[in-house]
Amino acid sequence: MPTTLTFFPVDNGDMTLIKFGDTDATTLLIDVNIRQDADDPDGEARDVAKDLRDRLKKDVNGRPYVDAFLLSHPDQDHCRGLTQHFHLGPLGDYPDDKKDYKGKKIVIREVWSSPIVFRRASKTHTLGADATAFSSEARRRVKMNRDKSFAVGDGDRILIMGEDIDGKTDDLSPILKKVDESFSTINGKQSAFFSAYLLAPLDAQDDEEEEECLVKNQSSVIMNITLAADAQTPDGAKFLTGGDAEVFIWNRQWARHKDEPEVLEYDLMQAPHHCSWHSLSYDSWSKLGEKVQIDADARSALSQTRNGAIVVASCKPIADDDSDPPCIRAKREYVAIVNDAKGAFYCTGEYPNAKAVEPLVFTVTSQGVQPPSKKETGSKAAAVITSARTPMPHGTR
């Protein structure tokens, strides 16, 4: 089986499943946004919970599972439905009465979490019920790892993405992944099918004004994940994902990596913050309209395309109005970026059309990234997108 990336149509929110092409069909789920309407048989929203379950394997006890779950940051549109559809707590407490909502809950074998989930929650905003439950689960797993000298099994594993302040993570080196370093382990095993370069969350700052710029959705986990097509093609595609990271963070990314832009280059990128203009500019689109100014450095960070690059916006249909997110001005910028790379732009809320959405699935092959066909009337069929090894030229618009 080839490596695939599935973007679920979850309105303005993120929910992305990577299924690796290894013999175990290892899975990494990035964020979840299962709305109440999606859970309602009479609701109009797509039943993305069923879409997800249909793509997961079951363990020997018949429990569906993901090998790893990354929460990019604890906003509700990135963890909605977590307590309803996923098992949190020790596996020994997993309910066997089959009374769970829509069947057995999904087991998370390994959690990937930023330490900012713990220390910035109360400082910036009140966490919702799902985010609070995730925070408690992450703390439980960290304690379990400390108590058992990191010798834990499925359901207790955790990786911490980035160092915490005041040396709070200094004793967690076996489960700590540092910014600007790569790793290729998932659920306690080394994998030849992926390598993740951690770009953020950036370290806390002594300067109060700069530290304030790192809070809330600006402190999302950012990763550039290299995906293998098969055992002979370890660099099948690069996938850049950054949660709700906004312009300040992308500006900083360029300042840090402009001399090594290859760490930012991608074949496939999820448009930050649901195609928000605030990932590209400090200006308000709704207030200034066409007078807005783009931040050149943030755009540079987000335009390190490889030939045939694709940008996917996980959001509602993008209207030509003053909404943000999604923002029509941001879409125009991303379209310009992928046009320079001879690539394509997709919106999960518009595939195959706005009236009947379905998961958007990309396949990593030895020839590059294979997108699904564009099914809208009048649009051309998508072809294989090849992966060159040199970033395309970029500039400001």
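The values are calculated or read from the model by the stated rules, or taken from the named source; none is laboratory data. What you are looking at is a predicted structure, and each value in this text was computed from that prediction instead of being measured. Here the Cβ positions follow ideal geometry from the backbone for every residue, glycine too, while neighbour counts run over all protein chains shown. For accessibility, only protein heavy atoms count, side chains too; no ligands or nucleic acids. Shrake-Rupley method; radii C 1.70, N 1.55, O 1.52, S 1.80 Å.
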Original post:
Looking at the stretch 136-152, which of its residues are loosely packed, with under 14 Cβ neighbours inside 10 Å and assigned to a helix (DSSP H, G or I)?
Top reply: S136, K143, R146, D147
Subject >> Criterion violated by N187 - all others in (1) over 20 Å from D244 (Cβ atoms); (2) without any contact (Cβ under 8 Å) to a residue 24 or more places away in the chain satisfied >> reply: (2)
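Take the stretch 78-100 and flag every residue that is assigned to a helix (DSSP H, G or I) and surrounded by 24 or more Cβ atoms within 10 Å (Cβ to Cβ). Full working, then the answer.
Going residue by residue through the stretch 78-100, those that are assigned to a helix (DSSP H, G or I) are 78, 82-85, 91-93.
Correct list: H78, L82.
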**OP:** Kindly check whether there is at least one residue in the stretch 45-62 that is open to solvent by less than 20 Å² (accessible area, probe 1.4 Å), closer than 26 Å to T226 by Cβ and β-branched (V, I, T).
**Re:** no
Original post:
Quick one: K375 ticks every box in (1) modelled with pLDDT of 95 or more; (2) of a type in the set (D, E, K, R); (3) open to solvent by 30 Å² or more (accessible area, probe 1.4 Å) bar one, so which box is it?
Top reply: (1)
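For the stretch 312-333, which residues satisfy the criterion of being of a type in the set (D, E, K, R) and either farther than 20 Å from D283 by Cβ or not in a helix (DSSP H, G or I) (or both)? Give the derivation first.
Filtering the stretch 312-333 for residues of a type in the set (D, E, K, R) gives 316, 320-322, 324, 329, 331-333.
Of everything in the stretch 312-333, those that are of a type in the set (D, E, K, R) and either farther than 20 Å from D283 by Cβ or not in a helix (DSSP H, G or I) (or both) turn out to be K316, D320, D321, D322, D324.
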**OP:** Considering only the stretch 266-291, state which residues are open to solvent by 10 Å² or more (accessible area, probe 1.4 Å), touching a Lys or Arg at 6+ places or on another chain (Cβ under 8 Å) and more than 18 Å from A319 (Cα to Cα).
**Re:** D283
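Take the conditions open to solvent by less than 30 Å² (accessible area, probe 1.4 Å) and closer than 23 Å to V364 by Cβ and apply them to I158. Does it pass? Explain how you work it out, then say what you get.
Numbers: open to solvent by less than 30 Å² (accessible area, probe 1.4 Å): yes; closer than 23 Å to V364 by Cβ: no.
For I158, the condition - open to solvent by less than 30 Å² (accessible area, probe 1.4 Å) and closer than 23 Å to V364 by Cβ - is not met.
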Subject >> Search result, residues across the stretch 334-362 that are closer than 14 Å to G308 by Cβ, open to solvent by less than 40 Å² (accessible area, probe 1.4 Å) and either touching a helix residue (DSSP H, G or I) at 6+ places or on another chain (Cβ under 8 Å) or not in a helix (DSSP H, G or I) (or both) >> reply: I337, A341, G343, A344, F345, Y346, F362
